[in-house]
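A short write-up of the structure that comes next.
Each value in this text was obtained by applying a stated rule to the coordinates, not by laboratory testing. The model shown is predicted, which means the values in this text are computed figures rather than measured ones. Cβ placement follows ideal geometry from the backbone for every residue including glycine, while neighbour counts extend to all protein chains displayed.
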Amino acid sequence: MAARLPEITLKVRCMPLHTQGKAEIKKDKAWKAKKPLKNPWVYSYVFDKLRQDWSPEQISGRLKLDYPDNSDRQIGVETIYRFIYKSGNKKLRLWDYLRRKQARRRKKGGRKAQRVRIPGRVSIHLRPRAVDNRKEAGHWEGDSIEAPKRITYRVRKSFQHYKDAGNKKNQC
């Protein structure tokens, strides 16, 4: 009969920051171990087509048409864009082959509008009832549109039709 070893139990506390750090290192290693753009054939194909001024959408679409049954020779549009804008590929300046030639990638939906509160503004719900009927001349509506380098302010009269004494025509 063999001698039994005593069971040893270790009390280990989970350290979230340590565990998170280890997970991030593991993820980085896995990402760096990946071949660029799936395989060497796809890599060279994408480079050649980018140099011929093809867009990533055209490259991906052509591969899907030419090789519908071979998934090794297909690549997604987003994968090509990620490869072009990857921080490790900045020296290659691959974005110069794109139509817009932007060194930084914009978000697909654009950036979210940042609403600026106008100090002392009055809600549209608090305006007089006479304005809603549009029977009185002289009430003005204004719309302001702000962009990074310009401010546009559009003004309209709320009284839809009025007679201009000089032209004698109805105008909006």
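Taking the Cβ of each residue in Val116, Val46 as the centre, tally the other Cβ atoms inside 10 Å and list the residues starting with the fewest. Intermediate values should be presented prior to the final figure.
Values: Val116 8, Val46 25.
Ascending number of Cβ neighbours within 10 Å: Val116, Val46.
Quick one: order Leu17, Leu94 by neighbouring beta-carbon count within 10 Å, fewest to most.
Working: Leu17 7, Leu94 19.
With the sparsest Cβ surroundings first, the list reads Leu17, Leu94.
Can you tell me how the range 21-97 classifies by the Cα gyration tensor, rounded, prolate or oblate, using a/c under 1.5 as the rounded cut?
Working: a/c = 2.57, a/b = 1.46, b/c = 1.76.
Here the range 21-97 falls in the oblate category.
Determine, for each peptide in 79-86, 118-125, the mean count of other beta carbons within 10 angstrom over its residues, then list the peptides with the highest first. Could the numbers behind the result be given before it?
Working: 79-86: 17.4, 118-125: 6.6.
My ranking of the peptides, most packed first, is 79-86, 118-125.
HN-Hα J couplings of the range 66-81 from phi, Karplus 6.51/-1.76/1.60, θ = phi - 60°, integer Hz, Gly and Pro as x?
Each residue's phi maps through the Karplus curve to give 6, 10, x, 9, 10, 6, 6, 10, 10, 8, x, 4, 4, 5, 5, 4 Hz.
Too long at a 22 Å Cα-Cα cut-off: which of Lys29/Lys49; Lys26/Lys101; Lys38/Lys91; Lys29/Lys86? Working shown, then result.
Numbers: Lys29/Lys49 29 Å; Lys26/Lys101 33 Å; Lys38/Lys91 20 Å; Lys29/Lys86 15 Å.
Too far apart for the 22 Å limit: Lys29/Lys49; Lys26/Lys101.
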